[in-house]
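Undergrad: Shown below is the structure under consideration.
The values are calculated or read from the model by the stated rules, or taken from the named source; none is laboratory data. All values derive from a computational prediction rather than experimental measurement. All Cβ positions, glycine included, derive from the backbone under ideal geometry; neighbour counts span all protein chains shown. Each accessible area value is taken on the protein alone, full model and side chains, heavy atoms only, with ligands, DNA and RNA left out. Shrake-Rupley method; radii C 1.70, N 1.55, O 1.52, S 1.80 Å.
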Amino acid sequence: MSDVTACPGCGGTGCPRCRWRGRRRAQLLLTVANSETGAVASHRVTPADLDPRPEAAGGAVADLTPRVRDLASTVAVALDPDPLRVRLPPTWRPGLPVAQRHALAAQALADAARRPWRLWVGGSTAPAPVDPDARLAQLCRLADLLLLDLVVTARRCDSRHPGTVRRRTDCLLWTVRFEVPGSPVPGGPAEGSTDLATALTRTDARAALTGLTERGLTAPARLLDPGFRRCGRPRVPAIPAPPGPVGRIERRVVAELAGGTGRPGAQAVWRDGGWWHTAPRSAGSPGRSAVRGRASLRRVAEPPEPSGPDASAPGPERPAVLVTVTDLRHRVVHLTWRSGSPEVTRTVATTPDGRPVVQLPDRYRLGAWARVFGVRPEDLAEADGGHMIARDLRDGYVSLPWVGADPVGEYVRRAGVGRLLVTAARPEVPPLPELVRLVLGLDLALHVGVLDMRQHAGHPLRPDGRWWSVAVRPRDAPVHPDDLPTRPSLAAALDDCRTHLADDVAGLVPTDPDEPLPVPDSPARELVADPVPALVRLAAQHTGRAVTLRVTRDDHTVHRHDDDGVRLVGKEGAPLNAFGIGGGPA
């Protein structure tokens, strides 16, 4: 019996999910890796492996969670995975013929295999559990510090309401997010965790900030009152009123939900040191938005306007931006950049088309504020998404459209009118050899690129410093000419790779559904020597050209990116010992 079935999404006619093949692989690959030893264990799940059991509410489900725990035990990883279940089609019955049961199981696996490779990475010691009450208090304090709202939302999983995805009328899904005061209620399908405590354990400060920029696009712009001073040195805030135990907040939100007929959800909003309870409602008829799963929602009642520091708004003739620099723990600096402000600048360059480039004073240079927080300018990043801060904003450079133009106004337009939230914290990442060991255990390739541009130091129109990239690729994937370093530090590149590792490996499976999934397996292995010093020396020898180290179980190669493609500049078998890079078994 085949482990390939017609695509559940298109029925075999071809669609983007099956890459227009009309067929999908009916397999799941489960992998657990020990980040401390490099040991890896995997299991390939086929339709014959499923053991569906009937549920009390109807239907049948195959629970794969015990298999994940078994893999974790094999490689000595302390892991408490979220439940992993495969729901069988409604027509599945234990008494059906074997071939029919296999076909229905294949259909269920193919639908679950939208992410065909599931990877869990952990250590031998489980991380300390998150206390939901402590997490809630932390997020409330941070909301006050950053002049944001903390919004707890519960949405019904009810098909009567536009945009929901499940059909149980007793189900609620919870999310916890930071919002710019005045942001609209997000529409779209209901999402989140089944209770508030679980939502809090899954939502740290960075997760709560994700999507803040998009959600705040239509929020009213607010600036600091002239009498409000929160700049010059990082501030430690006073402890606000206790936000209350999680259970009490959850019960109050549920009560708000029950207070109105047909409400799709309810919210608790932490603002100005206290909770405000409200509920979203559908704004007008569902119409086309419901068909697209983007129901338009509005609050039944809005909390009072923020008081004190975030009350004054810029006029339409004077664009301005409120810049917040923070370590996301207890330190913050708020800056108001307002167009038309008279500032002493100095001309530092001229663009090829003759426009002057000037540099603004220190308070406009985010790199100068980085030093106040004890981090490097390249450690600065946008709080929403972790995108790097452009060099002109780090160093205060701005190109003027003509001599005599308003430099601050041009700078504000470059920063973006409204809010700019910047994190000043060095990424906490393990060293590169640990990632090399992990990737070798997964039997993949790791591409590490570095571009030395230090010859442009001090030039306002050219990138300078060293740029890095760290990416996981299939074992036989070549170095692509366009795979160029884009991160301003190795720590940022490592953080990006580790953060998205599970999602990235899910896309590395063979595209041909007839080709079986690999089953990586590896014992514990020693660390290789740190390749960074040799890579830095090599990049300095090829200034202005990206150099990429490609490491696999079999060998490693070093490549230089030229104008006409990628050139191999060194090759050595395992272990990693060419160019002074190596040591340790492959």
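Undergrad: Tell me, yes or no, whether the stretch 227-245 has at least one residue that is at pLDDT 80 or above, open to solvent by 40 Å² or more (accessible area, probe 1.4 Å) and more than 19 Å from THR326 (Cβ to Cβ).
TA: Step one: filter the stretch 227-245 for residues at pLDDT 80 or above, giving 245.
This time we only want the ones that are open to solvent by 40 Å² or more (accessible area, probe 1.4 Å), so: 245.
Now restrict to residues that are more than 19 Å from THR326 (Cβ to Cβ): 245.
Taking every residue of the stretch 227-245 in turn, at least one turns out to be at pLDDT 80 or above, open to solvent by 40 Å² or more (accessible area, probe 1.4 Å) and more than 19 Å from THR326 (Cβ to Cβ).
Undergrad: Quick one: in the stretch 183-218, which of the residues that are on the phi > 0 side of the Ramachandran plot and open to solvent by less than 40 Å² (accessible area, probe 1.4 Å) is modelled with the highest pLDDT?
TA: At the first step, the residues of the stretch 183-218 found to be on the phi > 0 side of the Ramachandran plot are 188, 192, 211.
Pick out the ones that are also open to solvent by less than 40 Å² (accessible area, probe 1.4 Å) and you get 188, 211.
On the way: GLY188: 75, GLY211: 92.
The selected residue is GLY211.
Undergrad: Another one. Taking the stretch 92-144 only, how many residues are small (Gly, Ala, Ser) and assigned to a helix (DSSP H, G or I)?
TA: Adding up the residues that qualify gives 10.
Undergrad: When you scan the stretch 531-577, how many residues do you find that are among the acidic types (Asp, Glu) and under 26 Å from VAL32 (Cβ atoms)?
TA: 1
Undergrad: For residues that are farther than 21 Å from ASP204 by Cα, open to solvent by 20 Å² or more (accessible area, probe 1.4 Å) and in contact (Cβ under 8 Å) with a residue 24 or more places away in the chain, tally how many sit in the stretch 317-333.
TA: Adding up the residues that qualify gives 1.
Undergrad: Restricting to the stretch 1-58, count the residues that are more than 16 Å from ASP111 (Cβ to Cβ) and assigned to a strand (DSSP E or B).
TA: 12
Undergrad: A further question on this structure: Restricting the search to the stretch 360-410, which residues are in a loop (DSSP other than H, G, I, E, B), open to solvent by 40 Å² or more (accessible area, probe 1.4 Å) and under 20 Å from LEU146 (Cα atoms)? Steps first, please.
TA: Here is the first cut: in the stretch 360-410, the residues in a loop (DSSP other than H, G, I, E, B) are 360-361, 365, 373-376, 383-387, 389-390, 396, 400-406.
Still in the running and open to solvent by 40 Å² or more (accessible area, probe 1.4 Å): 365, 374, 376, 385, 387, 401-404, 406.
Selection gives ARG365, GLY374, GLY385, HIS387.
Undergrad: Let me ask you something else. Any chance you could count how many residues in the stretch 25-54 are out of contact with any Leu (no Cβ under 9 Å at 6 or more places or on another chain) and either open to solvent by less than 80 Å² (accessible area, probe 1.4 Å) or without any contact (Cβ under 8 Å) to a residue 60 or more places away in the chain (or both)?
TA: Narrowing the stretch 25-54 to residues out of contact with any Leu (no Cβ under 9 Å at 6 or more places or on another chain): 36-37, 39, 48, 51, 53-54.
Within this subset, residues satisfying the condition of being either open to solvent by less than 80 Å² (accessible area, probe 1.4 Å) or without any contact (Cβ under 8 Å) to a residue 60 or more places away in the chain (or both) are 37, 39, 48, 51, 53-54.
Within the stretch 25-54, residues that are out of contact with any Leu (no Cβ under 9 Å at 6 or more places or on another chain) and either open to solvent by less than 80 Å² (accessible area, probe 1.4 Å) or without any contact (Cβ under 8 Å) to a residue 60 or more places away in the chain (or both) number 6.
Undergrad: Name every residue in the stretch 522-552 that is surrounded by 17 or more Cβ atoms within 10 Å (Cβ to Cβ) and among the basic types (Lys, Arg), in order of residue number.
TA: Hits for the stretch 522-552 are ARG525, ARG550.
Undergrad: To continue, here is another question. Out of the residues in the stretch 157-182 that are at pLDDT 75 or above and among the hydrophobic types (A, V, I, L, M, F, W, C), state the one that is surrounded by the most Cβ atoms within 10 Å (Cβ to Cβ).
TA: Among those residues, the one meeting the criterion is PHE178.
Undergrad: Looking at THR5, THR74, which is the one that is open to solvent by 20 Å² or more (accessible area, probe 1.4 Å), among the hydroxyl-bearing types (Ser, Thr, Tyr) and in contact with a helix residue (DSSP H, G or I) (Cβ under 7 Å, 6 or more places away or on another chain)? Talk me through it step by step, then tell me what you get.
TA: Working: THR74 fails: in contact with a helix residue (DSSP H, G or I) (Cβ under 7 Å, 6 or more places away or on another chain).
Of the residues listed, the single one that is open to solvent by 20 Å² or more (accessible area, probe 1.4 Å), among the hydroxyl-bearing types (Ser, Thr, Tyr) and in contact with a helix residue (DSSP H, G or I) (Cβ under 7 Å, 6 or more places away or on another chain) is THR5.
Undergrad: Okay, next question. When you check THR336 against the structure, is it assigned to a strand (DSSP E or B), open to solvent by 20 Å² or more (accessible area, probe 1.4 Å), β-branched (Val, Ile, Thr) and more than 15 Å from GLY404 (Cβ to Cβ), yes or no? Walk me through it before giving the result.
TA: Numbers: assigned to a strand (DSSP E or B): yes; open to solvent by 20 Å² or more (accessible area, probe 1.4 Å): yes; β-branched (Val, Ile, Thr): yes; more than 15 Å from GLY404 (Cβ to Cβ): yes.
Against the criterion (assigned to a strand (DSSP E or B), open to solvent by 20 Å² or more (accessible area, probe 1.4 Å), β-branched (Val, Ile, Thr) and more than 15 Å from GLY404 (Cβ to Cβ)), THR336 qualifies.
Undergrad: Filter the stretch 167-206 down to the residues that are in contact with an Asp or Glu (Cβ under 9 Å, 6 or more places away or on another chain), assigned to a strand (DSSP E or B) and of a type in the set (A, V, I, L, M, F, W, C) and list them by number.
TA: LEU172, LEU173, TRP174, PHE178
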